[in-house]
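Taken together, the values in this text are just the output of simple stated rules run on the coordinates, not laboratory data. Everything quoted here is computed from the prediction, not taken from an experiment. Counting neighbours? That spans all protein chains shown, and the Cβs are built from the backbone with ideal geometry, glycine included.
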Amino acid sequence: MEDLKEQKNFYHTLRSKINNWLETKTGKNHKYAKYLLFAPDIFYLLINVVRDKRVSTKDKAIAAGAIGYFILPFDLIPEGLIGPGGYIDDLIVASFVLQSIVNNLSPDIIQDHWAGDEDGLVIINKAAGLSEKVMGKGVLPKIIKKFRK
């Protein structure tokens, strides 16, 4: 239960950081600002996917890897150095992971655990579609390959 409490705290902290940052001049003008608003919802979804009994152990492990990527402050675009705008790669990796889970299972799993106001599957697909624009061609598949080992 302590892990769940920590994850919920991370969710609320992340939402607060992003909302506060988006009120700044830099945040308002960020190219991917509208997507960053979905990062906390994607994180929350990953947590619930890992806890869902309908999800295979393998897919849970992949989702857990995406949670770890979210939590680590230093990754491809480090939020530890550039602020909340750095969560864009976390969002993309998580969305790509979630797409693979949807492909293995039912979209109902995503819908059952989605906390956002908009259609979760649409958001996941849009965020995953940003990968080449944000990270460069071929980078995301290399990251995802690490999760699948």
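Compute, for the chain, the length of the dipole vector about the Cα centre, with Cβ point charges of +1 (Lys, Arg) and -1 (Asp, Glu) only. Units Debye, rounded to 20.
Numbers: 21 positive and 17 negative charges, 101 e Å.
Using only the charged Cβ atoms, the result is roughly 480 debye.
Test of understanding: express the Cα radius of gyration of the chain as a ratio to 2.2 N^0.38 Å, with N the residue count. Let's see the in-between values first.
Values: Rg = 14.3 Å, N = 149, 2.2 N^0.38 = 14.7 Å.
Ratio of Cα Rg to 2.2 N^0.38 Å: 0.97.
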For segment 126-136, in residue order, the Karplus 3J(HN,Hα) values (coefficients 6.51, -1.76, 1.60; θ = phi - 60°; whole Hz; Gly and Pro = x) are 5, 5, 5, x, 7, 3, 6, 5, 8, 9, x
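Got the relative contact order for segment 2-148 handy, in percent, Cα pairs under 8 Å and 6 or more residues apart?
Values: 158 pairs, mean separation 34.5, N = 147.
Relative contact order, segment 2-148: 23 percent.
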In segment 1-86, taking the dipole from +1 charges on Lys and Arg beta carbons and -1 charges on Asp and Glu beta carbons about the Cα centre, the listed residue (Gly27, Ser56, Leu14) farthest towards the positive end is Gly27
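Per 0.36 nm of contour for each residue apart, how much would the distance between Leu121 and Leu81 grow if the chain were fully extended, relative to their Cα-Cα spacing? Numbers along the way, then the final one.
Details: separation 40, 0.36 × 40 = 14.40 nm, distance 3.02 nm.
Taking 0.36 nm per residue and subtracting the Cα distance, the gain is 11.4 nm.
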Phi-derived 3J(HN,Hα) across segment 97-102 with the Karplus relation (6.51, -1.76, 1.60, θ = phi - 60°), rounded Hz, x for Gly and Pro, is 4, 5, 4, 5, 5, 4
With -39,500 (n - 2.57) per DSSP H segment of 4 or more residues and division by the full residue count of the chain, the 222 nm estimate, nearest 500 deg cm²/dmol, is -21500 deg cm²/dmol
